[in-house]
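The values are calculated or read from the model by the stated rules, or taken from the named source; none is laboratory data. Since the structure is predicted, the reported quantities are computational estimates derived from the model, not experimental observations. Here the Cβ is made from the backbone with ideal geometry for all residues, glycine too, and neighbour counts use every protein chain on show. Protein only, heavy atoms only, side chains kept; ligands, DNA and RNA dropped before computing areas. Shrake-Rupley method; radii C 1.70, N 1.55, O 1.52, S 1.80 Å.
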Amino acid sequence: EIDHIISLELGGSNNIKNLFPESYTTQPWNAHKKDKLENKLHKLVCTNQITLQEAQQEISNDWRKAYCKYYTDIDDCKNLK
C-alpha cells in the first residue's frame with residue numbers, strides 16, 4: 001500500500017513527501033504493525049499521555065523503534081539499535 005509516514009490521524013498530510021510504499025506481507029515489520037502503532041499513538045495523544053509532536057517525531061524517526069517502545073510482541077525489537 002501507499003502509506004503515510006505521519007498518519008492522517010496524527011496530523012500528517014497527503015503531500016508526496018509524507019508518502020511511501022509499504023508491504024502488508026513482509027515479516028515482522030509491515031503495514032499491519034504500523035497501523036497498530038498509529039492507533040496506539042492516536043489514543044495516547046487523545047488521552048494527553050504524549051503530545052502530538054512527540055507522536056509525530058516517534059513515528060517519523062523510526063516507527064519500528066516506536067513500536068517496540070509500546071509493544072513487546074516482536075522478538076525483532078532486540079535487533080533494532
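Close Cβ contacts (under 6 Å, 6 or more residues apart or on different chains) running from residues in region 52-76 that are modelled with pLDDT of 95 or more to residues that are of a type in the set (Gly, Ala, Ser) and assigned to a helix (DSSP H, G or I) comprise GLU58/ALA66; ILE59/ALA66.
Could you look through region 20-43, keep only residues that are free of Cβ contacts under 8 Å to residues at least 40 places away in the same chain and more than 13 Å from the chain's Cα centre (by Cα), and pick out the one that is least open to solvent (accessible area, probe 1.4 Å)? Can you show your working first?
Residues of region 20-43 free of Cβ contacts under 8 Å to residues at least 40 places away in the same chain: 20-27, 30-32, 34-43.
Remaining after also requiring more than 13 Å from the chain's Cα centre (by Cα): 21, 23-27.
Working: PRO21: 103, SER23: 41, TYR24: 94, THR25: 113, THR26: 64, GLN27: 142 Å².
It comes out as SER23.
Here GLY12 clears all of (1) touching a residue at least 40 places away in the same chain (Cβ under 8 Å); (2) in a helix (DSSP H, G or I); (3) in contact with a helix residue (DSSP H, G or I) (Cβ under 6 Å, 6 or more places away or on another chain) except the condition numbered (2).
I'm trying to understand the selection: among the residues of region 1-19, which are of a type in the set (S, T, N, Q) and either more than 10 Å from the chain's Cα centre (by Cα) or loosely packed, with under 11 Cβ neighbours inside 10 Å (or both)? Give the steps one after another, and end with the answer.
Going residue by residue through region 1-19, those that are of a type in the set (S, T, N, Q) are 7, 13-15, 18.
Those that are of a type in the set (S, T, N, Q) and either more than 10 Å from the chain's Cα centre (by Cα) or loosely packed, with under 11 Cβ neighbours inside 10 Å (or both): SER13, ASN14, ASN15, ASN18.
Selection within region 44-75: residues that are among the acidic types (Asp, Glu) and open to solvent by 60 Å² or more (accessible area, probe 1.4 Å). The member of this set that is nearest to SER7 (Cα to Cα) is GLU54.
Is it fair to say ASN18 is polar (S, T, N, Q) and at positive phi? No: the conditions fail for ASN18.
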